[in-house]
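A short write-up of the structure that comes next.
The values are calculated or read from the model by the stated rules, or taken from the named source; none is laboratory data. Bear in mind that the values here come from a model prediction, so they are computed numbers and not experimental data. Neighbour counts run over all protein chains shown; Cβ positions are idealised from the backbone, glycine included.
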């Protein structure tokens with residue numbers, strides 16, 4: 001096949017225009033092209049009155065005309081090239097009898113801890129290679145977990161082991177279901193992720209639209225189908241199984257993992273463990289630190305959720321073409337470099353969605369965003385966050401010191417501090433504190449409560465309590481964060497008219513944008529100082545979002561399979577090379 005990139009057509013082009021454009025671009029007659037496959041479709045909305053679609057297409061030529069002949073005519077044209085092979089090829093296949101021995105306990109068996117996007121794809125690939133993985137998930141099955149999560153949203157009843165963060169599907173289940181990433185992907189592993197999702201029931205359009213998404217309701221049934229495939233291939237998934245200790249042997253710079261201990265007291269012998277626990281497994285992080293597993297603090301971001309009418313965002317981005325079915329609900333991506341040296345930016349934008357309660361700990365408030373596939377709720381929401389680094393959150397009183405080492409657990413303490421403050425400002429019951437954007441920008445201390453909400457009603461459940469998010473006596477976030485956001489909001493008005501509208505709502509706080517630490521690993525994907533432990537995904541500090549977490553899970557599973565099956569060559573060399 002041939003691939004054409006950057007083929008542009010008007011948004012309202014008739015169906016036949018695509019084929020005509022391909023024929024003209026290649027200089028071919030109609031009977032010389034057998035099939036046109038859309039690999040990717042995006043749009044350019046910089047000119048709102050003249051939005052154009054941008055296609056990447058794979059072309060199947062008719063019999064009698066070979067690809068080389070057409071490519072030779074377009075030599076030097078970087079927009080006409082051979083189509084790459086995006087099919088996934090497993091790095092290994094287990095020998096006959098391996099899976100049966102693993103299930104019987106008479107042979108080695110890989111273990112995956114955590115069943116979010118990373119753990120899901122690690123387990124799936126291991127199962128497809130015939131390695132019969134055992135998955136341990138601290139939370140519940142996805143439908144039971146959904147009921148518990150609604151219990152927090154509707155009744156203010158938190159289940160610490162079954163919520164937005166913990167349970168089958170991970171935090172990505174209660175999100176916009178975004179399926180795009182900016183990671184480097186030379187092996188087309190994102191295509192593997194998308195293909196598996198389509199097999200599990202996702203719409204086929206996710207294979208070609210530029211910013212695919214699924215939404216929570218569809219993700220639930222898809223996850224169940226993927227679980228069933230893993231089990232059909234010899235894998236085993238055990239729910240409500242929390243890891244409370246590691247069995248590690250040896251001394252020196254590199255020890256060996258030998259097993260895990262569960263909260264029931266059961267010990268599981270395992271020399272190869274994928275640790276895909278997510279960014280909120282704070283007790284697991286503390287366990288790793290206590291057992292001497294190498295960790296390091298890392299930057300992350302904190303801020304609020306902001307809500308606007310989705311129609312206002314659509315009109316600002318698409319003008320008169322707002323509402324077009326191809327365009328759908330508009331999103332945005334914004335950055336502002338503030339005068340205080342901080343950068344504020346939009347994060348995890350959810351068109352036509354809701355702000356959700358995402359805490360996993362009692363008497364703390366955490367916000368996140370979620371959308372359904374339809375994206376037809378009245379409000380748009382996004383995180384508006386500010387980057388911080390370990391020198392900001394160190395807990396030894398030496399704030400700003402960039403020379404003295406910071407404890408890897410200090411970021412967790414920092415997050416908890418502001419999540420607890422949010423709970424207090426909301427008045428308890430997991431009510432979130434909020435403020436109108438106009439009052440926040442103007443610094444109207446004490447006036448928001450009396451005025452009440454305007455044209456934008458917040459979507460967060462159990463509810464939002466208006467307060468002063470920047471009260472000097474009890475600020476909701478550090479002053480430098482508040483200052484950067486206050487400066488950014490009117491600056492973004494120039495890009496999206498109405499962004500700093502008076503009635504838009506800020507809801508606090510968003511603290512779990514990414515993991516506050518990294519479980520550092522080598523190029524063989526194993527912990528630097530504990531052989532057999534494979535840190536993976538968001539919790540390990542190596543992913544951010546469903547797609548990158550899924551890809552990381554695949555790559556880690558491949559490294560584990562090579563080691564488990566004795567395919568050492570490249571892996572041994574990589575291990576000697578040091579950190580990834």
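Observations, loosely collected:
- Among the residues of the stretch 123-166, those that are in a helix (DSSP H, G or I) and without any contact (Cβ under 8 Å) to a residue 12 or more places away in the chain comprise 147, 150, 151.
- Qualifying residue in the stretch 242-264 (condition: part of a loop (DSSP other than H, G, I, E, B), within 30 Å of residue 508 (Cα to Cα) and in the same structural domain as residue 538 (by TED's automatic domain parsing)): yes
- Helices (runs of 4 or more DSSP H) enclosed by the stretch 1-117 - at least 1 residues per element that are farther than 30 Å from residue 133 by Cβ and free of Cβ contacts under 8 Å to residues at least 12 places away in the same chain: 16-26, 67-73
- In the set (1) in contact with a strand residue (DSSP E or B) (Cβ under 7 Å, 6 or more places away or on another chain); (2) surrounded by 12 or more Cβ atoms within 10 Å (Cβ to Cβ), the condition left unmet by residue 94 is number (1).
- Considering the conditions (1) buried (at least 19 other Cβ atoms within 10 Å of the Cβ); (2) touching a helix residue (DSSP H, G or I) at 6+ places or on another chain (Cβ under 7 Å); (3) assigned by TED's automatic domain parsing to the domain that holds residue 420, residue 522 is excluded by exactly one of them, (3).
- All positions within the stretch 166-190 that are in contact with a strand residue (DSSP E or B) (Cβ under 9 Å, 6 or more places away or on another chain) and at pLDDT 95 or above: 166, 167, 168
- Any hit, the stretch 423-435, residues being at pLDDT 95 or above, closer than 27 Å to residue 340 by Cα and out of contact with any helix residue (DSSP H, G or I) (no Cβ under 9 Å at 6 or more places or on another chain): yes
- Unique match (being touching a residue at least 40 places away in the same chain (Cβ under 8 Å), within 17 Å of the chain's Cα centre (by Cα) and within 27 Å of residue 263 (Cα to Cα)) among 286, 276: 276
- Hey, residue 89 exposed (fewer than 15 other Cβ atoms within 10 Å of the Cβ) and in contact with a strand residue (DSSP E or B) (Cβ under 7 Å, 6 or more places away or on another chain) or not: no
- Residue in the stretch 305-317 that is within 20 Å of the chain's Cα centre (by Cα) and modelled with pLDDT of 95 or more present: yes
- Within the stretch 199-224, being surrounded by fewer than 16 Cβ atoms within 10 Å (Cβ to Cβ) and under 26 Å from residue 356 (Cβ atoms) holds for 201, 203, 205, 210, 211, 217, 221.
- Residue tally, condition surrounded by fewer than 23 Cβ atoms within 10 Å (Cβ to Cβ) and in a strand (DSSP E or B), over the stretch 265-281: 3
- Condition met for residue 34 (in contact with a strand residue (DSSP E or B) (Cβ under 8 Å, 6 or more places away or on another chain) and under 21 Å from residue 206 (Cα atoms)): no
- Residue list for the stretch 43-60, restricted to those being surrounded by 13 or more Cβ atoms within 10 Å (Cβ to Cβ) and modelled with pLDDT under 95: 43, 45, 48, 51
- Matching residues in the stretch 525-560 - criterion: being surrounded by 24 or more Cβ atoms within 10 Å (Cβ to Cβ) and over 16 Å from the mean Cα position of the chain (by Cα): 525, 526, 527, 530, 533, 534, 535, 556, 557, 559, 560
- Summed over the stretch 421-450, residues that are surrounded by 14 or more Cβ atoms within 10 Å (Cβ to Cβ), free of Cβ contacts under 8 Å to residues at least 60 places away in the same chain and in contact with a strand residue (DSSP E or B) (Cβ under 8 Å, 6 or more places away or on another chain) total 1.
- Of all residues in the stretch 483-498, those satisfying the criterion of being out of contact with any strand residue (DSSP E or B) (no Cβ under 8 Å at 6 or more places or on another chain) and either touching a residue at least 40 places away in the same chain (Cβ under 8 Å) or crowded, with 21+ Cβ neighbours inside 10 Å (or both) are 483, 486, 490, 495, 496, 497.
- Test for residue 292: is it in contact with a strand residue (DSSP E or B) (Cβ under 9 Å, 6 or more places away or on another chain), touching a residue at least 24 places away in the same chain (Cβ under 8 Å), over 25 Å from residue 162 (Cβ atoms) and buried (at least 17 other Cβ atoms within 10 Å of the Cβ): no
- Any chance residue 196 is buried (at least 18 other Cβ atoms within 10 Å of the Cβ) and in a helix (DSSP H, G or I): yes
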